[in-house]
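Some notes on the structure that comes next.
The values are calculated or read from the model by the stated rules, or taken from the named source; none is laboratory data. It should be emphasised that the depicted structure is a prediction, and the values quoted were computed from it without experimental measurement. Using ideal geometry, Cβ is built from the backbone for each residue, glycine included, and neighbour counts are taken over all protein chains shown.
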Amino acid sequence: MYVSLRDRPHADGTGNRDGVRRVSTTVVLLGVVSLLTDVSSEMVASILPLYLTAVVGLSPIAYGFLDGIYQGVSAFVRLAGGYAGDRGGQPKWVAVLGYGTSALSRIALLPATGFAAITAVVTADRLGKGLRTAPRDALIAQASDPSMLGRSFGVHRTLDTFGAALGPLVAFALLAAVPGSYDSIFVVSFAVAVVGVAVLVLFVPNLKTAAQGARLGLRRVAAEVSGRRLRRPLLAAGLLGLVTVGDGFLYLALQDRDDFAATWFPLLYVGTSLAYLGLAVPMGRLADRVGRACVLVAGHGALLACYLLAALPAGGLTLTLAVLLCLGVYYAATDGVLPALVSRLVAPEARGSGIAAAQTVVVLARFGSSLLFGLLWSLQGPGASLLLFAGLLATAVPVAAWLLRGIDRTEVAA
Amino acid sequence: MTLRVRLAVLGTILLLAVVGAGGYVWRVRHVQANLEAAATPVATGEALAPLRTQPHLVFRSTALGQQYGRVAVVPLTAPDGPRTFAPISCERVYATADQSVCLSADRGIVTTYAAQLFDADWQPTRDLPLTGVPSRTRLSADGSLIATTSFVSGDSYANPGQFSTRTVVTRASGEVVGDIEEFKLLVDGRAVTAVDKNLWGVTFADADRFYATAASGGKTWLVEGSLAGRTMTALREDVECPSLSPDGTRVAFKKRGDLPPGRWRAAVYDLTTGAETLLSETRSVDDQIEWLDDDTVLYGLPRADAASASSDVWATPADGSGQPRLLIPDAWSPAVVR
């Protein structure tokens, strides 16, 4: 392993006109697996509030604040998933375990009747998600040409988000066909997830990342993850995560502002997905050309615009759509770009751990910011809190840019 | 495995998934259709207009068949006898002698919800604001005030605010008094402003005073509010969906106590003495209770067999004595009109 300093993006002259070069089949297959899994999980997630209130009979008390426990467990599982994929050198089978757990949790909803049982099943689903994310992203990185990592992640996230947008539609169409039969939704969701796992098991090659025979020790991974190259990106990601307001709060702020957003509340998320869906590949390609760190930082500019637009005292259709568009741009510029950036900064055999570390930092930082924002909201209302976070974000972005300076040129040879 | 074998295995799994899931949905559809066809038509009663001149009950009929979800009326003298259908369908209904409020849902790929006011002849007189899944509705005794509660469900289970409610009070004249969540809420003398604050289940005392449920941080309270003052004060913890007795001295409600989430016990709270009485009903009551008279309360219970979409309205003494009795079979959301 050696560090190479290459002058990207000008190093390869084909970089600008590579429209015909295709992303690897493995990436597309992983995208299809994610698409099917997201159809399956969003089918259930979209009807769960209705199911819990209409069938299980739950009172409208916000359970969001109990979420902290799961966040902590999920962060741990995410790290474990990344490390397990690296250690065995078999990220595919760790991903299979994660996708399989989520698939099984669907069918477990059939006999689950009490609130505690349903919570347990939903938690199992989330643990599966935590487990599979890092090894899957390591596979994407492994299967991709380093110069098109951004685009590869863009393609994967497009398919993934398409599934997430499709899921609720399938669920509500089913409910219209068989009124009140939530069991039908769970069964169909399970069937879709099983096909997803089958595609993963049968067609995604088990790209071995570790050197033959040499097992990756914990100490080595710790050194790799806390090493100099990753330190500044992790700090930057954590800093930006700390000033990122959760979507839930943004949607609540929109809903608080006018009746339009309140009426279409369940569809706000679809609006963001559509923007993300359309922009994931272009943003990934842009990241490959102008630098991943650059796009990652610039994406937070869209988030800043989003806060300012949501904090305006006015409301209405145009403003609401503008907020959703900005949020979509932010996701397109950051969600797939971060693993693309990180995967080139760690040695291939520790890639899953590196990606997991970055994603965990982001998740934990965002959870901290959610607690802070919730507190601020209760003290001074949504508008003033958003403006305060906008100010913090405007300060954090230049700092992150400084932390990430030159990072696009520092890469580890594959 | 060669590519051909793997394709064959995927094809088999795909086929099994489609046949299995498709077959399951088809069977459910078939069972539902059979149930509907086999349902014995409910006996329909006398003409609607004369029925409404005597004391009666207005409710949502949940008898399987063509009339599922329609509003129906029975005389107080024979609540389990033949029912007369009104020409409207509602998820939740409440009525006085002159008007009714109806929360309805038009289910489809994008489900839309509506709240409407109807006059004594079931003609729509006014559209009311309603955002989200219908939950509770009440009219004041003189019919001048209307309260509606809906669930504004979020996009995902994990997000804060996913069980947010919106409770709006409107005057029959059309003037919107407002979302009572924006009223000042005092608990033990301190203002509650938490983002997870929720209000639901209004019951009116007079032209200004009302009672409702407030929730924050996993706790619920009975609150007494003033529409003019735009304030609410917590009176007691662990009270949901209050309902004021006709004489205005007691509130019937459901409480969590030490029951697991999703289960409630019906109880009555005396506003003057502060005494709480558990009712003889031991099954979980998830409803805004209605008063038949000053001594008896009514509530809906889903039918015991899980597959059934039907429910019944039960009655039990308000002093905790006696046993619950079935009042109206295949019914939900009762309103007593005298």
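Listed values, structure above:
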| read-out | value |
| --- | --- |
| Evaluation of B:Thr233 against (1) on the phi < 0 side of the Ramachandran plot; (2) within 14 Å of chain A (Cβ to nearest Cβ); (3) in contact with a Leu (Cβ under 6 Å, 6 or more places away or on another chain) (one fails), failing number | (2) |
| Listing of strands (runs of 3 or more DSSP E) fully contained in region B:223-291 that carry 3 or more residues being free of Cβ contacts under 8 Å to residues at least 24 places away in the same chain | B:265-270 |
| Subset of region B:69-84 [in contact (Cβ under 8 Å) with a residue 24 or more places away in the chain and either over 16 Å from B:Gln54 (Cα atoms) or among the acidic types (Asp, Glu) (or both)] | B:Val71, B:Asp80 |
| Segments classed as helices (runs of 4 or more DSSP H), wholly inside region A:111-230, with at least 1 members that are at pLDDT 85 or above | A:115-143, A:149-177, A:182-203 |
| Region B:1-54, residues that are of a type in the set (Lys, Arg) and more than 10 Å from chain A (Cβ to nearest Cβ) | B:Arg4, B:Arg52 |
| Check on A:Ala365, of a type outside the set (Lys, Arg) and assigned to a loop (DSSP other than H, G, I, E, B) | no |
| Single residue of region B:126-141 satisfying the filter (more than 10 Å from every other protein chain (Cβ to nearest Cβ) and polar (S, T, N, Q)) that is nearest to B:Tyr211 (Cα to Cα) | B:Ser140 |
| Criterion violated by A:Trp93 - all others in (1) more than 19 Å from the chain's Cα centre (by Cα); (2) more than 9 Å from chain B (Cβ to nearest Cβ); (3) within 30 Å of A:Val170 (Cβ to Cβ); (4) modelled with pLDDT under 90 satisfied | (4) |
| Positions within region B:193-209 being hydroxyl-bearing (Ser, Thr, Tyr) and not in a strand (DSSP E or B), in sequence order | B:Thr193 |
| Lone unmet requirement of (1) within 16 Å of B:Ala78 (Cα to Cα); (2) in a loop (DSSP other than H, G, I, E, B); (3) under 17 Å from the mean Cα position of the chain (by Cα) for B:Ala335 | (2) |
| Filter result for the condition that a residue is at pLDDT 90 or above and more than 30 Å from A:Gly89 (Cβ to Cβ), over A:Leu372, A:Leu309 | A:Leu309 |
| Selected residue (criterion: modelled with the lowest pLDDT) from residues of region B:191-213 that are closer than 26 Å to A:Phe249 by Cβ and hydroxyl-bearing (Ser, Thr, Tyr) | B:Thr193 |
| Residues (touching a strand residue (DSSP E or B) at 6+ places or on another chain (Cβ under 7 Å), modelled with pLDDT of 85 or more and outside any strand (DSSP E or B)) located in region B:115-140 | B:Ala120, B:Trp122, B:Ser140 |
| Extreme residue, farthest from A:Leu169 (Cα to Cα), among residues of region B:100-125 that are within 14 Å of another protein chain (Cβ to nearest Cβ) and among the hydroxyl-bearing types (Ser, Thr, Tyr) | B:Tyr113 |
